[in-house]
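To start, the structure itself, in structure tokens.
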């Protein structure tokens with residue numbers, strides 16, 4: 001493979017029902033950094049139906065060029081149609097790097113493409129950078145977050161990685177940025193379309209996204225029951241925060257999975273993370289340790305979370321949380 | 001119906017701890033288990049066997065000691081188990097791993113291939129879709145539920161971030177299963193006893209259908225440049241006072257940081 005033919009940093013822009021997903025905007029910000037380090041350009045790949053109107057916005061968020069493929073076949077995500085479309089783009093444009101969101105779509109598409117293109121894919125990266133030798137370094141947690149590994153893809157192109165939502169920071173929108181929009185046609189082999197979509201159901205209409213919250217009040221086993229979480233909810237209301245949880249209470253059915261923080265839940269980086277009765281398994285820490293300020297309230301002084309917290313309070317959450325809520329209410333008045 | 005389930009032996013990462021002083025991994029005494037999503041996949045296969053009389057083959061790639069998870073699969077109700085083990089497979093990334101497994105699958109008959117969504121030691125979720133691509137069959141990932149029409153069509157409930165999709169696909173196909181899709185059965189005492197009298201087939205490179213260049217370290221496009229533990233963050237302040245004072249400390253700190 002002649003690596004020198006492969007240039008530029010591409011982002012797969014995920015859309016659902018025509019709405020650009022936040023992770024795509026975050027990835028454009030990261031792609032901008034990487035492309036600047038390499039002296040190359042950022043390309044956004046926008047796939048969908050009647051989707052052209054969304055292209056300009058991607059330029060404002062860091063793209064130099066937007067490749068738009070707009071047709072019926074790309075309306076709703078299916079593995080095969082999207083794999084064919086991106087394979088065609090890769091063969092025509094020869095990207096050096098492609099970034100995908102580590103969503104149920106990106107984690108379905110990425111590996112299928114990596115096998116079709118016979119190249120490497122690094123999953124769930126938490127750090128992406130260009131070394132002084134211009135090598136693309138992809139760092140990710142492994143072993144349940146216990147170990148970090150820096151992965152390279154030295155001899156194959158494109159170099160591909162997925163990144164979870166909330167990990168990278170989007171750049172500030174700049175409407176004065178200039179870029180190009182290019183429409184392309186995809187030549188599909190429809191004989192390969194084998195999966196039929198019968199129904200797509202949105203269950204969570206007013207979905208909260210804990211990854212977006214500035215303050216999280218998070219509960220673990222030490223909070224115990226649904227009643228315990230009502231106390232957390234009251235505190236969250238006063239702080240204008242959202243409630244999140246550790247895996248233990250999600251598995252116990254006390255809190256919905258979309259509020260779970262950690263390796264198998266979401267990655268969050270709020271300004272304030274209040275960990276209530278959470279011991280701090282490494283899998284949990286992997287999802288929240290980038291928070292600006294961490295307060296941990298726990299009965300056990302030696303719980304692992306106490307080591308990572310900026311402020312550790314040894315005590316009973318059931319007493320402290322209601323009292324804290326009352327005091328904060330008083331301050332507001 | 002013929003079903004092949006791909007499973008992986010993994011360290012129980014929930015049991016892994018960091019040395020609080022050195023920040024290094026304590027691996028000693030960590031038990032090995034069937035990866036939880038893979039166990040969900042095996043259970044799905046066994047349920048199809050119960051309902052439709054499917055023949056269930058379980059395959060794993062790993063070192064010789066990975067035989068343990070195949071014995072467990074036998075004890076749960078698998079009909080045939082195969083251990084892929086060869087020095088030529090060692091050092092494989094996900095793509096090279098999927099090439100080895102696809103190489104083995106090419107020599108087997110299947111209507112349905114089942115893998116777990118992802119393994120708890122790597123969390124990549126890549127090997128299933130990569131196998132499907134190598135075999136040129138459709139994939140459905142994040143399976144929560146599957147219904148079979150008894151002939152050739154599967155109706156799959158796929159989990160998404162904000163709900164689910166109902167998808168339809170004909171055999172042959174590959175699905176990746178979530179551990180939450182079902183509750184895996186226990187091994188029976190009879191099954192455990194029998195499992196030790198059954199044969200685990202050991203396959204090496206010569207048994208599978210794939211080019212050697214696609215396997216192991218050589219067949220891996222990605223390389224680990226370095227691995228490290230994150231180390232211990234410098235500790236913050238810890239207070240052990242009564243509830244009233246605790247609340248006072250929290251509020252003054254949050255004010256100091258301009259959070260409230």
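Can you give the FRET efficiency for residue B:187 and residue A:116, using 1/(1 + (r/R0)^6), R0 = 56 Å, r = Cβ-Cβ distance, to the nearest 0.05? Write out the running numbers ahead of the final one.
On the way: r = 39 Å, r/R0 = 0.69.
Efficiency computed from Cβ-Cβ geometry: 0.90.
Once you average over the residues of B:211-223, how many Cβ atoms of partner chains fall within 10 Å of each Cβ?
On the way: counts 0, 0, 0, 1, 0, 0, 0, 0, 1, 3, 15, 15, 7.
Averaged over the peptide's residues, the number is 3.
Reported to the nearest whole Å, the Cα centre-to-centre distance from region A:267-295 to region B:83-115 is 38.
Please state the shape class of region A:210-332: rounded when a/c is under 1.5, otherwise prolate if a/b exceeds b/c and oblate if not, all from the C-alpha gyration tensor. Judged from the Cα gyration tensor, region A:210-332 comes out rounded (a/c under 1.5).
Relative to the longest principal axis of the Cα atoms of chain B, helix B:67-76 runs at roughly 70 degrees. Shape analysis of region B:88-197 places it in the rounded category; the axes a ≥ b ≥ c from the Cα gyration tensor give an a/c below 1.5. For the pair region B:183-223 and region A:86-127, the centres of their Cα atoms are 28 angstrom apart.
Considering chain B as a Gaussian network with a 10 Å cut-off on Cα pairs, which listed residue, B:224, B:177, B:127, attains the greatest mean-square fluctuation? Looking only at B:224, B:177, B:127, the largest GNM fluctuation is found for B:224.
Roughly what % antiparallel, to the nearest 5, for the DSSP beta bridges in region A:50-203? Provide the component values of the computation, followed by the final result.
Working: 9 of 20 bridges.
Percent antiparallel among DSSP bridges in region A:50-203 is about 45.
Between region A:303-326 and region A:58-79, the C-alpha centres lie 46 angstrom from each other.
Let me confirm one metric for peptide A:310-319, namely the mean number of other chain beta-carbon atoms within 10 Å of its residues' beta-carbons. All intermediate terms of the calculation are to be shown ahead of the outcome.
On the way: counts 7, 10, 6, 12, 5, 8, 3, 1, 1, 5.
Mean inter-chain Cβ contacts per residue within 10 Å come to 6.
Each listed q (0.12, 0.15 Å⁻¹) maps to a log10 I(q)/I(0) for chain A, found by the Debye formula over equal Cα scatterers with no solvent: -0.89, -1.19. The C-alpha atoms of region B:113-260 occupy a region whose extents along the principal axes are 67, 41, 39 Å, arranged from largest to smallest. In terms of packing, defined here as the mean over residues of other Cβ atoms within 10 angstrom, the peptides A:180-192, A:47-59 line up highest first as A:47-59, A:180-192.
Once both axes come from the Cα atoms, what is the angle between helix A:79-93 and the longest principal axis of chain A, in degrees from 0 to 90, rounded to 10? Long axis of A:79-93 versus the principal axis of chain A: about 60 degrees. When you restrict to C-alpha pairs under 8 Å that are six or more residues apart and normalise by the size of region A:3-192, the relative contact order lands at 29 percent. Counts of other chain beta carbons within 10 angstrom of each beta carbon in peptide A:211-222 average 0.
At 222 nm, what value in deg cm²/dmol follows for chain A if DSSP H runs of at least 4 each add -39500 (n - 2.57) and the sum is divided by all its residues, to the nearest 500? Let's see the in-between values first.
Values: 9 runs with 94 residues, N = 333.
Taking each H run of at least 4 residues, the total per residue is -8500 deg cm²/dmol.
Looking only at B:36, B:138, B:129, which one moves most when chain B is put into a Gaussian network model with springs between Cα atoms under 10 Å? Fluctuation is largest for B:138.
Counting every other Cβ atom within 10 Å of each residue's Cβ, A:237, B:109 order from fewest to most as B:109, A:237.
Taking the fewest neighbouring Cβ atoms within 10 Å as the starting point, the ordered list for B:155, B:115, A:325 is B:155, A:325, B:115. With each label modelled as a point 7 angstrom along the Cα→C-beta vector, the residue A:19-residue A:169 pair spans 2.6 nm. Using only Cα atoms, tell me the angle between helix A:106-117 and the longest principal axis of chain A; keep it within 0 to 90° and round to the nearest 10. Orientation of helix A:106-117: about 30 degrees from the principal axis.
Taking other C-beta atoms within 10 Å as the exposure proxy, B:6, B:173 rank B:173, B:6 from fewest upward. A Förster radius of 56 Å, combined with the Cβ-Cβ distance separating residue B:197 from residue A:176, puts the computed FRET efficiency at roughly 0.15. Under the shape rule built on the C-alpha gyration tensor, where the axes satisfy a ≥ b ≥ c, region B:2-214 is rounded, since a/c falls short of 1.5.
Computed from the coordinates by the stated procedures, all read-outs in this text should not be read as laboratory data. Keep in mind that this is a model prediction, so the values were computed, not measured. FYI the Cβ positions are ideal-geometry reconstructions off the backbone, even for glycines, and counts take in every protein chain you see.
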